[in-house]
Amino acid sequence: MTEKTAKGHSGMVRVPSDPESVGRIVDKSLKPGSNVSFGFRDGTVSVTLDHFGDWTIMVGLSARSDWIVSSMFSLERLGFFKATESEGRVYFLWTSALESGGDARSLVEARLLEVLKALQRSMITHYIC
């Protein structure tokens with residue numbers, strides 16, 4: 001028995017440690033109608049390219065996360081809006097369709113890097129003393 005895969009690339013990938021790798025993943029992985037998702041503690045970040053050429057970044061955070069409030073403020077500063085809450089998760093969206101002009105792929109790569117950095121800054125580190 002063989003497994004069929006959907007056209008394009010969809011799935012979870014490990015968040016790369018250097019910023020240039022994020023651009024390469026978005027550049028090589030996404031074709032119209034597909035997405036790529038990054039998993040991290042208490043959430044996910046998904047990037048989707050639709051058939052019209054518009055890019056959407058969706059951030060899903062656990063509503064129980066220790067750093068949900070600081071993440072919400074960071075995402076709003078980056079142009080995200082709160083879309084919905086479902087099953088203990090809060091979802092925020094940003095789309096290139098609301099931006100004017102320029103290279104959409106470069107714009108989404110830059111925004112994705114800003115999001116990953118903002119989420120990293122928002123995370124609370126627990127220490128055992």
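For region 48-96, give the magnitude of the charge dipole about the Cα centre (Cβ charges: +1 Lys/Arg, -1 Asp/Glu; no others), in debye to the nearest 20.
140
Measure off 7 Å from each Cα along the Cα-to-Cβ vector at S106 and A63, then give the distance between these two points in nanometres to one decimal.
Distance between label points: 4.1 nm.
If I take R0 = 35 Å and measure r between the Cβ atoms of F52 and Q120 in this structure, what FRET efficiency does the formula 1/(1 + (r/R0)^6) give, to the nearest 0.05?
0.65
Calculate one ³J(HN,Hα) per residue across region 42-53 by plugging θ = phi - 60° into the Karplus curve 6.51 cos²θ - 1.76 cosθ + 1.60, and present them in order as whole Hz with x for glycine and proline.
Taking θ as phi minus 60°, the curve returns 6, x, 9, 10, 10, 10, 10, 10, 8, 6, 8, x Hz for region 42-53.
Return the distance in nm (one decimal) between the two label points of a simple spin-label model at A97 and T44, each offset 7 Å from Cα along Cα→Cβ.
2.1
Whole-Hz Karplus ³J(HN,Hα) for region 59-65, in order, using 6.51 cos²θ - 1.76 cosθ + 1.60 and θ = phi - 60°, x for Gly and Pro?
With coefficients 6.51, -1.76 and 1.60, one gets 10, x, 10, 5, 5, 8, 5 Hz.
How far apart, in nm, are two points set 7 Å out from the Cα along the Cα-to-Cβ line at T84 and at L113?
3.2
We did not get these values from a lab; they are worked out from the coordinates using the rules stated. These numbers were taken from a predicted model, which means no experiment stands behind them. No Cβ is skipped: glycine too gets one built from the backbone with ideal geometry, and neighbour counts run over all protein chains shown.
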